[in-house]
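Read-outs: derived from the displayed coordinates by stated rules, not from any lab. Values in this document were obtained by computation on a predicted structure and should not be read as measured data. Here the Cβ positions follow ideal geometry from the backbone for every residue, glycine too, while neighbour counts run over all protein chains shown.
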Amino acid sequence: MSTSTKRWVLLATILLASLTAACGGGRTPVGPPIPTGNFSNANLKGQYAFLMSGTELCSGSGSPRPSFFTRAGSFTADGSGHITGGLEDVNLCSGVFTLQFTNSTYSITADGRGTLSLTNSTGTTNYSITLSSATAGVIAETDVNLTASGSFQRQNVAAFSDLAIIGGYVFDFAGITATPNPESVIGRFDAVGGGVITSGLFDSNVAGTPSGQQPFPAGAFYKLDTNGDGTNFGRGTANIAGHIFAYYIVDATRLKLLGTDPAEAFSGEAFAQQNISFTAASLNSGFAFLLGGSSSTGPIATAGRFTADGAGNLTSIFLDENDSGRVTLLPSQGGTVTGTYTVDMGGFGGGTATWTDTKAGTFFFIFYLISPTNAVFQEIDSKITSDGTLLAQTAGPVSPATLAGDFAFVWSGVSTDEEDFVGQLKLTSASGNNATGIMDFNEFAAGQQFFNIQFDGPLTIVPPGTGPNTLVATTTLSSLMPFTFTAYAVDSNNVFLVGVDKTRVIAGSVVRQP
Amino acid sequence: MQMATRVRIVGFFSVLLLLLSNIVWAQQLADRPRQPPMRTLAYDATQETVVEGTVLSYTAESATPPIGAHLILQTAAGAIDVHLGAARFLQANNFSLATGDSVRVVGVSSETRQGTIFLVRVIQKGGQSLVLRTANGALLSVARTRALGAQKAQQQEGAR
């Protein structure tokens, strides 16, 4: 799920009551299993860039109220449980701050799960993490008045240079404008090295009103900090599509962006674009997608898949969209879906995808291709502001056997308020109760954090497995409603999940661990 | 290299970059789908109406979508289902609702397969008025309090 998927409301008081009551009821609560696997503190070693967004409790006049916030930064792990340094930018309702980490710690268990505590001059923030490898992982903040989720990747310090950032970059950022309305912006720009951006195109969507493709306003640039933060942490500042960002370099192919205008809050990422001239023929495979955002009625999450034929036609279109508890499935019952796509003239990789279900209507999307197998994706249907990712899908088949193994996951969504989950999922090749997992999560509305919560349930694969599959996860919190997901496998290593419950909007992804 | 020469070279490249940028930026922008027709429950501000009535029931967290607070409002034309967004947003603004309250709502009526839902932008009760949506129709409970502006928002106590 993109960083934009943080929003809003519901779930019955039953849930809150049950969360407060913690373990009880039908299932016998047991202690967490002893973690198994090959991870340890030694696997988190080096410098990592992170980005997350979520909800904070903000006070002003009147009662405290939730507010969107985002943080991005860099931390250095020594492989022995210590964070030896780091820096972050955080955009809160009280302002935008750049803070240095001191005397911080982390711990990784054998299954790749762990905790991270980052201390700065204002105190300590706490996180649960799961490593998908030694170079990447997912993260959720577990503080009382702050919940957030995102990811981190090991940084390549050799790329901490303006000259390293060169070529075409595709970006996707989202957040809240000063008005305040939700906004998603996707596009691409050319970096010529040395901090110069020579051209840029973007499509903005403010509160469900798309801008159409626009050129960058004047003033675009990127520049690594010259005060030491650039060379030490890979931090710089940039003007992209008219917004000012702090950015952290993961490597020459990836930047993490955090908006630094205190009147608004944006975050996202930019990815180096393959240097080819994109045409309709560039899209010639199956694709799976995952988006999140908001609609007129609240949070929205969407996942699905289609096949592009290289000539502008889309077939085998499936979609699951949860719009504030109203779930739309394509093809709809008794309906058929047909679709087309276009790739913009000029070869820059922008394009559109459109499909119509004979019962449910027409769905419109925009994309910018990072490569023929990867794109940023934005829904532009009326009054929907939602964005995410589009990935080439395996030809299949996908089966319980091909998916068997261990996965790191992060889910984010809204029930009564925002909730963020991070953990490990284990899949077996059995066809029945083949999924088990353990997770930590933060329920913002309840102000409660939960650790080592186990779940199990069936992942039901519908052959050939590249379409919608179902994962039902029932936790050891007996009165916590089971999570019902539609699962779209990208391949045997990556799966997109979108919740299809009426009282919760949630989405996320799972990534295979080694 | 002489300073003047260096300046000329930098100037040349600057002009070149500017030209390149203008070449690209001046290109024809790609067509995008026109604004699609409104889907069910999309907030179309041009269709706003004002409805007055008496609260028959208020549910902070409805089991019926859209998720969030709903009230059933008895109007002259009958009872209608009114969607308010996050109950927490109402609470944070000290706006309470109870059976028997007389309220006035400004919003858009939307037909769904499950019936009509009235999406509220402004709700008034007695002398109290609360804006629930931006003029664009986005729920403020989604957009949150980013634009507290002069209220000088502060983070709750704790680490940043």
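Descriptive notes on the structure:
- Sequentially through segment B:53-67, phi angles give Karplus couplings (6.51, -1.76, 1.60; θ = phi - 60°) of x, 10, 6, 8, 7, 10, 10, 5, 9, 6, 7, 9, x, x, 4 Hz, Gly and Pro residues having no value and appearing as x.
- Entries of A:Lys502/B:Lys125; A:Lys383/A:Lys502; A:Lys359/A:Lys383 with Cα pairs more than 26 Å apart: A:Lys502/B:Lys125
- Computed magnitude of the charge dipole of the protein assembly as shown (debye, nearest 20; Cβ of K, R +1, Cβ of D, E -1): 320 debye
- Relative contact order (%) - criterion: Cα under 8 Å, at least six apart; region: chain A: 16 percent
- Dividing the convex hull volume of the alpha-carbon atoms in segment A:400-512 by its residue count gives 83 Å³ per residue.
- Normalised alpha carbon radius of gyration of segment A:80-187 [divisor 2.2 N^0.38 Å]: 1.25
- Here the Karplus curve 6.51 cos²θ - 1.76 cosθ + 1.60, taken at θ = phi - 60°, turns the phi angles of segment A:276-291 into couplings of 9, 8, 7, 9, 4, 5, 5, 9, 8, 5, x, 9, 10, 9, 8, 9 Hz, with x standing for Gly and Pro.
- Centroid-to-centroid separation of segment A:323-351 and segment A:367-421 [C-alpha atoms, Å]: 15 Å
- In plain terms, the C-alpha convex hull of segment A:333-406 casts an average shadow of 7.5 nm² when viewed from every direction.
- What the phi angles of segment A:294-301 give under the Karplus curve with 6.51, -1.76 and 1.60, with θ = phi - 60°, is a coupling list of 9, 10, 4, 10, x, x, 9, 9 Hz, glycine and proline written as x.
- Cα-Cα pairs of segment B:45-140 separated by more than 15 Å (percent): 57 percent
- Compactness index (Cα Rg / 2.2 N^0.38 Å), segment A:157-272: 1.01
- Across segment A:189-336, counting alpha-carbon atoms alone, Rg and Dmax equal 19.0, 62 Å.
- Our note on the geometry: Cα centres of segment A:83-148 and segment B:53-131, 40 Å apart.
- Note on the protein assembly as shown: Rg/Rh from Cα positions, Kirkwood definition for Rh, rounded to two decimals, is 0.96.
- Over all orientations, segment A:280-393 has a Cα convex hull whose mean projected area works out to 6.3 square nanometres.
- Toward the positive end of the charge dipole of chain A, with +1 on the Cβ of Lys and Arg and -1 on the Cβ of Asp and Glu, the farthest Cα among A:Thr436, A:Gly349, A:Phe278 is that of A:Thr436.
- Charge dipole (debye, nearest 20) of segment A:157-272; +1 at Cβ of Lys and Arg, -1 at Cβ of Asp and Glu: 120 debye
- Average silhouette area of segment A:149-193, convex hull of alpha-carbon atoms, in square nanometres: 4.8 nm²
- Given +1 at the Cβ of Lys and Arg, -1 at the Cβ of Asp and Glu and no other charges, the dipole of segment A:89-177 around its Cα centre is 160 debye to the nearest 20.
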